[in-house]
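Have a look at the structure below, then the notes.
The values are calculated or read from the model by the stated rules, or taken from the named source; none is laboratory data. All values reported here derive from a predicted model rather than from experimental measurement. As a convention, Cβ positions derive from the backbone with ideal geometry for all residues, glycine included, and neighbour counts pool all protein chains shown. These accessible areas exclude ligands, DNA and RNA; they are computed on the full protein's heavy atoms, side chains included. Shrake-Rupley method; radii C 1.70, N 1.55, O 1.52, S 1.80 Å.
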Amino acid sequence: ETATKLMQYAGPGLLTREVATEIVETIWPSAPKPAVFKAVMVCTQYGLNPLMKQVFLIPFYNKDTKKDEYEMVLGIKAKRLIAKQRHNFGYMDDTPRVMTTQEQERILGEVDKDNIMAITILKDDKGNLYRGYGKWPKTKEPYGSDKGNSKTNMAFIRSESQALEKLAPGELPTGEIADETYLETPPKIIKISTENKPVDKTSSELAKAPSEQPVNPPVVQQEAT
């Protein structure tokens, strides 16, 4: 009955605050009000829909507080959709792709032997370039690897997310980013510790290594070609 009721909202189009609240509270009935409010605001302001796997509330069991906590996560496709609605851009130089040794040395100052390093280069209709960088540990299997997710894919998502934020600074919703292909709705409870909690993580990373810090690349200015 619940699934049938929600299916009427499964499709493109703006959600009202009431409908968005109903969807979020139905899918994640245990989520606290602050988490629900944040997800609802993102849905209504940016035209996103949890039923289309664009917005998630990921539950985590905090080993430190002994409580379940929720965090809003955006699907990478949702971030692309919002950026496309506001900017004309394309992907350059076969990106996202793995960075070459020369690129790592030139941009990051050294070669990272422990992580897969990825780069995404976007070009807008004015000729400006926006570079994003991301990494994923070579020794850690990502969440959803049994379904086809890969370490390289996670590095790609990180780099693309950063490039999109440089393309549209202040225009994209804040929140963690993930490949929605490998997220469940509703997802299973993931046990983590908040010690050394990262500031920029994906839900897939949280499932495996919550203490892994994201790459902190140098600030790259817009370039005109």
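Descriptive notes on the structure:
- Scope the stretch 8-20; condition open to solvent by 40 Å² or more (accessible area, probe 1.4 Å), touching a helix residue (DSSP H, G or I) at 6+ places or on another chain (Cβ under 6 Å) and in a helix (DSSP H, G or I); matching residues: Arg17
- Residue check, Ile82 assigned to a helix (DSSP H, G or I), in contact (Cβ under 8 Å) with a residue 60 or more places away in the chain and out of contact with any strand residue (DSSP E or B) (no Cβ under 7 Å at 6 or more places or on another chain): yes
- The set of residues from the stretch 34-70 being over 12 Å from Pro173 (Cβ atoms) and part of a loop (DSSP other than H, G, I, E, B) comprises Asn49, Lys53, Lys63, Asp64, Thr65, Lys66.
- Residue within the stretch 82-92 that is open to solvent by less than 40 Å² (accessible area, probe 1.4 Å) and among the aromatic types (Phe, Trp, Tyr) present: yes
- Selection within the stretch 144-164 - touching a strand residue (DSSP E or B) at 6+ places or on another chain (Cβ under 8 Å), in contact (Cβ under 8 Å) with a residue 40 or more places away in the chain and either open to solvent by 10 Å² or more (accessible area, probe 1.4 Å) or under 14 Å from Asp179 (Cα atoms) (or both): Thr152, Met154, Ala155, Phe156, Ile157, Arg158, Ser159, Glu160, Ser161, Gln162
- Where Lys5 falls short, out of the listed (1) open to solvent by less than 80 Å² (accessible area, probe 1.4 Å); (2) modelled with pLDDT under 90; (3) assigned to a helix (DSSP H, G or I): (1)
- Glu141 vs. criteria within 19 Å of Lys77 (Cα to Cα) and charged (D, E, K, R): no
- Flag for Glu25 being of a type in the set (Asp, Glu), in a helix (DSSP H, G or I), modelled with pLDDT of 85 or more and loosely packed, with under 14 Cβ neighbours inside 10 Å: no
- Every residue from the stretch 28-58 that is open to solvent by 70 Å² or more (accessible area, probe 1.4 Å) and of a type in the set (Ser, Thr, Tyr): Ser30
- Of all the numbered requirements in (1) open to solvent by 80 Å² or more (accessible area, probe 1.4 Å); (2) modelled with pLDDT of 95 or more; (3) touching a helix residue (DSSP H, G or I) at 6+ places or on another chain (Cβ under 9 Å), Val111 misses one, and that requirement is (1).
- For beta carbons closer than 9 Å, sequence separation of 6+ or different chains, a first residue in the stretch 123-140 that is open to solvent by less than 20 Å² (accessible area, probe 1.4 Å) and a second that is of a type in the set (Ser, Thr, Tyr) and part of a strand (DSSP E or B), the qualifying pairs are Tyr130/Thr120; Gly132/Thr95; Gly132/Thr120; Tyr133/Thr120; Gly134/Thr120.
- When residues of the stretch 143-168 are limited to those that are farther than 20 Å from Val55 by Cα and in a loop (DSSP other than H, G, I, E, B), the one modelled with the highest pLDDT: Ser150
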